[in-house]
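Comments concern the structure below.
The values are calculated or read from the model by the stated rules, or taken from the named source; none is laboratory data. Values in this document were obtained by computation on a predicted structure and should not be read as measured data. Note that each Cβ is placed from the backbone with ideal geometry, even for glycine, and that neighbours are counted across all protein chains shown.
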Amino acid sequence: MMEAANAEEIQLRHVEKDVLIPKLMREKAKERCAEKVEAFNHCCKESGFLMAFKCQEENSVLKECLTLHYKDPMFFEECKQEYIRDKLEFERTGIPSKNRKQKLPTSM
């Protein structure tokens, strides 16, 4: 009988550490910066062709918020643990997480 693997023991592949977990981080950071994403989107809709000039402030505030999360090692760890939980659940049940839409190549 196989015991459930501890998240600390999971060996992640290069593509998981460098592609899939950062993808999850981007999605979660957008959620955490939702107010700034909305402000930027609203500015772009209002400004049309002039958005590159008119929305610089909204863009820099949004980038600052996102970058704060991308560079946070605790946030990376949180996203890594969530990814591992989803991965283990998928291996156990065969049902993909609703958040994970990207298929992994099988020949890695």
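General remarks:
- Any chance THR93 is of a type in the set (Ser, Thr, Tyr), at pLDDT below 95 and out of contact with any Gly (no Cβ under 6 Å at 6 or more places or on another chain): yes
Listed here are the residues, each with its yes/no results for (1) aliphatic (A, V, I, L, M); (2) closer than 27 Å to SER97 by Cα.
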site: LYS17; (1), (2): no, yes
site: PHE40; (1), (2): no, no
site: PHE49; (1), (2): no, no
site: GLU58; (1), (2): no, no
site: LEU62; (1), (2): yes, no
site: THR67; (1), (2): no, yes
site: TYR70; (1), (2): no, yes
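- Residue count for region 24-40 satisfying the condition of being touching a residue at least 60 places away in the same chain (Cβ under 8 Å) and either small (Gly, Ala, Ser) or crowded, with 16+ Cβ neighbours inside 10 Å (or both): 1.
- The single condition from (1) assigned to a helix (DSSP H, G or I); (2) at pLDDT below 95 that LEU12 fails is (1).
- Test: GLU78 is at pLDDT 95 or above and exposed (fewer than 14 other Cβ atoms within 10 Å of the Cβ): no
- Qualifying positions in region 46-71 - closer than 16 Å to ILE21 by Cα and either touching a helix residue (DSSP H, G or I) at 6+ places or on another chain (Cβ under 7 Å) or surrounded by 14 or more Cβ atoms within 10 Å (Cβ to Cβ) (or both): LEU66, HIS69, TYR70
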